[in-house]
Structure formats: structure tokens, C-alpha cells
1. Just give me the residues in segment A:31-58 being out of contact with any helix residue (DSSP H, G or I) (no Cβ under 7 Å at 6 or more places or on another chain) and under 16 Å from residue B:64 (Cβ atoms), in sequence order.
2. When you go through (1) modelled with pLDDT under 95; (2) facing chain A (nearest Cβ under 8 Å) one by one for residue B:134, which number turns out not to apply?
3. Can you tell me which residues in segment B:175-205 are farther than 21 Å from residue B:84 by Cα and at pLDDT below 95?
4. Scan segment A:52-71 residue by residue and report those that are facing chain B (nearest Cβ under 10 Å) and either part of a loop (DSSP other than H, G, I, E, B) or loosely packed, with under 15 Cβ neighbours inside 10 Å (or both).
5. Taking only pairs six or more apart or across chains, which ones have beta-carbon atoms under 8 Å, a first residue in segment B:60-81 that is at the interface with chain A (Cβ under 10 Å from one of its Cβ atoms) and at pLDDT 95 or above, and a second residue that is surrounded by 16 or more Cβ atoms within 10 Å (Cβ to Cβ) and in a loop (DSSP other than H, G, I, E, B)?
6. Quick one: in segment B:166-186, which of the residues that are touching a helix residue (DSSP H, G or I) at 6+ places or on another chain (Cβ under 9 Å) and in a helix (DSSP H, G or I) is farthest from the other protein chains (Cβ to nearest Cβ)?
7. If I ask for residues that are over 21 Å from residue B:146 (Cβ atoms) and either under 13 Å from the mean Cα position of the chain (by Cα) or at the interface with chain B (Cβ under 9 Å from one of its Cβ atoms) (or both), which ones from segment A:22-51 would you list?
8. When you look at residue A:14, is it within 18 Å of residue B:143 (Cβ to Cβ) and either touching a helix residue (DSSP H, G or I) at 6+ places or on another chain (Cβ under 8 Å) or within 11 Å of chain B (Cβ to nearest Cβ) (or both), yes or no?
């Protein structure tokens, strides 16, 4: 199971979608939601563990196919801009 | 006589007509402004003082679930997180070497680059993550802990991209260098205490 979360002002994270990537209907829904978030200008990242150092870090995801197989969540957040 | 008075009245009325029209327009405008203001007051969503607090609580939980234990402790105790530079991490993978440069990540404040070895402050990177999508009652700013997590994810996944998008300034533009040096000292003390705690825990076993 994978969950798509989105950071939202005044809310904290929101659950956008969840599903089993092995189930076709779920995956179609997830792909659609992923594209919609990127179209809305979000960045997507997956929290991972570095295989070398064992430290936690994030992996930026630019395409649905880049989501690692074992990922449990994708976090969408607004893209960075100069402040 | 009556005819003269009538003529004078007509002339006076004609002369005063523009002024009367102007006053009437002003009165109508004031009335419509008052109505609009009243409607706007009614449009303001109900202010819930606990909403931001709950949002921040959720954001803290999400941050805690993503970052390393050491980073979480740092944020909880000191209010910021240190993230090592990408090139530093590559060199340090699997080894205990000190990073050539690192960032201090504060909530809703610029990212600060510095040299851990010397404590030299390098630059401020002003970066925001504004949510312009709407649906947040006019808010665009993420909760503080979400802002930290967004910076952490951006720095640990694609440092070059987030730094490229940021506005770089000399240290001191938004953050007080004295405060930053004090934070570096606090961080060093925190790490010393943490290391001491780990040693005493291992020796008591």
C-alpha cells in the first residue's frame, strides 16, 4: 500500500490517495492523482534510507515510474521559490 | 417680481446641479462601500484558534517520521536542523568525517550555509514553499514543521535545485549573525551532551 500525502497551509498533511500499486484500478487512480499534483505545481518526494550510510534522506520524484517499489508514501509539497 | 424670483431660483438650481450630483454620487458610493464591507465581514471564515496548532502538531509528527532521530532531537531541543551538504554526504558515506559545509534549516526563515569545522557563516538562502493552489482560506504558508520538512526533503534529494531557486544573500540580511553563532554553540553543546549520554549509557550496560 502506498499513500499520497500533501502538505497544506492550515492543515498539516492531507491524505490525497492511497492504494495498492499492484492493483490496476488503484494504480490508475494513483497515476492520475500524481499527475494532477505535479500539474498544480507540487514537488513530490519519497522519504528513503541511504543504502550506504543508513541515514534517512529524501528522493525527489519527477515521474510516477520513479517511485521506489517499496515506498509507503509520497509527500507532495509546494515547489521552492526565492523568498 | 415673482417672475424674477423664479428666474433666479432656476439659475441657482442650474449652478448647484453639478455639486448636488457630485454629493449624490458620493453618498451612493459610501453606501455601497458600507454594504460591501459588511458582506466581507460575513464572508470571513470562522477563525479557529486551535487550527494552526493542530496543523503544526500534525506537521511535527510527519517531520519526526521522516528525518533521522538525531535531526528530530535537534529540532525538538534547538528549533532547527542541520543538514550536511550533498557533496559532503557523498564523501562521508560510510565514514565518520566532518562535512566541509552544512546548512542550518530554520522554520520559515532562510537556510544558512556554514563550515562546521570552523563555524564560519557562508550565506543565507532565502527560500519559500508557498502553496498558491487555494483552498486554504487565503493561507499560503506551510506550518513551521512542514516548512522545515520541505527544506530537508529538497536539500537531501536535490540540493542544487533548491539552492538554485533560492535568493542568496550575505549572512545578516534576515538572520542575526550573533544569533547564528549562538545557535552553533548551542548545537555543539547539544552534540557534546548527546555524545556524553550515549557513552554513559553504553558504559552502564
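The values are calculated or read from the model by the stated rules, or taken from the named source; none is laboratory data. Predicted model, so just to flag it, every value in this text is computed and none were measured. Here Cβ is always computed from backbone atoms with ideal geometry, including for glycine, and neighbour counts include all displayed protein chains.
1. A:49, A:55
2. So the condition that residue B:134 fails would be (2).
3. B:196, B:197, B:198, B:199, B:200, B:201, B:202, B:203, B:204, B:205
4. Scanning segment A:52-71 gives A:52, A:53, A:54, A:55, A:62.
5. These pairs meet every condition: B:68/A:55.
6. B:186
7. Listed by number, the residues that qualify are A:30, A:31, A:32, A:35, A:50.
8. Judged against the criteria, residue A:14 is a match.
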